[in-house]
1. Hey, among the residues in segment 322-342 that are of a type outside the set (S, T, N, Q) and in contact with a Leu (Cβ under 6 Å, 6 or more places away or on another chain), which one's nearest to GLU157 (Cα to Cα)?
2. So, of the residues in segment 332-370 that are β-branched (Val, Ile, Thr) and under 21 Å from the mean Cα position of the chain (by Cα), which turns out to be farthest from ALA235 (Cα to Cα)?
3. Of all residues in segment 293-331 being touching a helix residue (DSSP H, G or I) at 6+ places or on another chain (Cβ under 8 Å), over 12 Å from LEU238 (Cβ atoms) and at pLDDT below 85, which is surrounded by the most Cβ atoms within 10 Å (Cβ to Cβ)?
4. Please work out if GLU128 is in contact with a strand residue (DSSP E or B) (Cβ under 8 Å, 6 or more places away or on another chain), at pLDDT below 95 and of a type in the set (D, E, K, R).
5. Anything in segment 13-33 that is basic (Lys, Arg) and touching a residue at least 24 places away in the same chain (Cβ under 8 Å)? List them, or say none.
6. Restricting attention to segment 181-207, which residues are over 25 Å from ILE117 (Cα atoms) and crowded, with 19+ Cβ neighbours inside 10 Å?
7. Test VAL234 against the criterion of being in contact (Cβ under 8 Å) with a residue 12 or more places away in the chain and surrounded by fewer than 21 Cβ atoms within 10 Å (Cβ to Cβ), and give yes or no.
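The values are calculated or read from the model by the stated rules, or taken from the named source; none is laboratory data. Source: prediction; values computed, not measured. Ideal geometry is used to build each Cβ from the backbone, glycine not excepted, and the neighbour counts take in all protein chains shown.
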Amino acid sequence: MKGVTILKSSDKYLVFACDDEAHGRCVYKIAQRENDVLHKEVATLLALKERSARIAPHLPAVYEYGTFLRGAYRGRAYYKQAHVEGRTFSQCIQHALTDDATVDALFPRLMHALVEIVLDDVGTRWSERPTNTLRRVLLDEYAQLSRRPHIAGLSREEGIIVNGRHHPSLRASVDGILASSAFRALDATAPFLTTLGHWNFHGDNILLTNSGSPEFCLIDPDATWHVADPLLSVARFLYTFPHDTADYRQYVLQTDVLTGLDDALPEVQVTLLWPEVIAQTYGRLFGPFFECADDTGGSHADAMLTTEQRFRLRLALLLCLLRGVNANYEDEIEFFDRRINAFRNKSIFLFLRATEFASVLATSLEGAAV
């Protein structure tokens, strides 16, 4: 192989670009473990290309896939995909590669295209009552996070104060959402859950192409979902703000919760460390959705969706946040200046964001439809 460039290396995957005689510049994705997940990812890409005329142009071609038969990666699953020249949407925000006016114009256009993609019926509807499935998935994610060592104690508190604002416990808010009339009403709608979707539209998986045709490509579907709401993919796009903040470690938590020496409600100050211009852009694009959980605004997607779909989108975002705590759980706590009350931990950060959003959503459902 020539011209090899490492794009990502983790305990799960190795991803690199290289020059290929047959196809030009290509990308290899290799499983470091869990071959089955990568096999399912390839199957998802191929099925989406076949079943959805809307998403197909936005998926880079898959040239080859299987399991290596020799060499250091013998027995590891892989696939080879077309390389897309461009930058991710998150890079566009973080590195000031486009001015504010361009980003602000791109965001609603991108959101509109993503919503159109997920509303395209791919013919794989799930027959079980949606409330049964969604309740089970949400409570399963909550049960998992409530057993995590750094989260267990916080999850048992009656509430928590974040940046001076009181929120009920995450479990209380989730229970309130599941008991709402908006949630119960989902069973009266046409079946909408599906067994096929990309479900991973966060900003680092959206490549803005240099060629401009198509305007963007979508990479790395999440193959760990068995069944989900198609709107989960759009929710993952809205999840870009907390995802990037956690992934790039652009935050600090200031709190005495790790000492546990008093009986007061836990109080945490969350400070974002993004440079001001970047924080403002993230906040302008994504912040209103997290701050406003009713139908008065907060998302460019809302204008395209029915009242029921807007609620489903918010429910899917809550699921993203809960899954984020589990998927990003880390034992290590990174302390600032050896102070026990100032630290970073991705799972605690996302737990706080989930608690905040669940509280806002539950409160909105008490007095008005979403």
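1. Keep residues of segment 322-342 that are of a type outside the set (S, T, N, Q), which gives 322-325, 327, 329-340, 342.
Next, from what is left, pick out any that are in contact with a Leu (Cβ under 6 Å, 6 or more places away or on another chain): 324-325, 340.
Details: GLY324: 20, VAL325: 17, ILE340: 20 Å.
Checking each candidate, the answer is VAL325.
2. Of segment 332-370, the ones β-branched (Val, Ile, Thr) are 333, 340, 348, 355, 360, 363, 370.
The next check asks that each one be under 21 Å from the mean Cα position of the chain (by Cα); those that pass are 348, 355, 360.
Working: ILE348: 20, THR355: 17, VAL360: 16 Å.
Only one residue tops the list, namely ILE348.
3. Selected residue: ASP294.
4. Details: in contact with a strand residue (DSSP E or B) (Cβ under 8 Å, 6 or more places away or on another chain): no; at pLDDT below 95: yes; of a type in the set (D, E, K, R): yes.
Against the criterion (in contact with a strand residue (DSSP E or B) (Cβ under 8 Å, 6 or more places away or on another chain), at pLDDT below 95 and of a type in the set (D, E, K, R)), GLU128 does not qualify.
5. Taking segment 13-33 first, the residues basic (Lys, Arg) are 25, 29, 33.
Those that are basic (Lys, Arg) and touching a residue at least 24 places away in the same chain (Cβ under 8 Å): ARG25, LYS29.
6. First pass over segment 181-207, keeping only residues over 25 Å from ILE117 (Cα atoms): 181, 184.
None; the set is empty.
7. On the way: in contact (Cβ under 8 Å) with a residue 12 or more places away in the chain: yes; surrounded by fewer than 21 Cβ atoms within 10 Å (Cβ to Cβ): no.
So VAL234 fails the test.
A quick yes/no check of all residues on (1) under 22 Å from the mean Cα position of the chain (by Cα); (2) in a loop (DSSP other than H, G, I, E, B); (3) among the basic types (Lys, Arg); (4) surrounded by 14 or more Cβ atoms within 10 Å (Cβ to Cβ):
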residue: ALA53; (1), (2), (3), (4): no, yes, no, no
residue: TYR73; (1), (2), (3), (4): no, yes, no, yes
residue: ILE93; (1), (2), (3), (4): yes, no, no, yes
residue: ASP121; (1), (2), (3), (4): yes, yes, no, no
residue: THR133; (1), (2), (3), (4): yes, no, no, yes
residue: LEU138; (1), (2), (3), (4): yes, no, no, yes
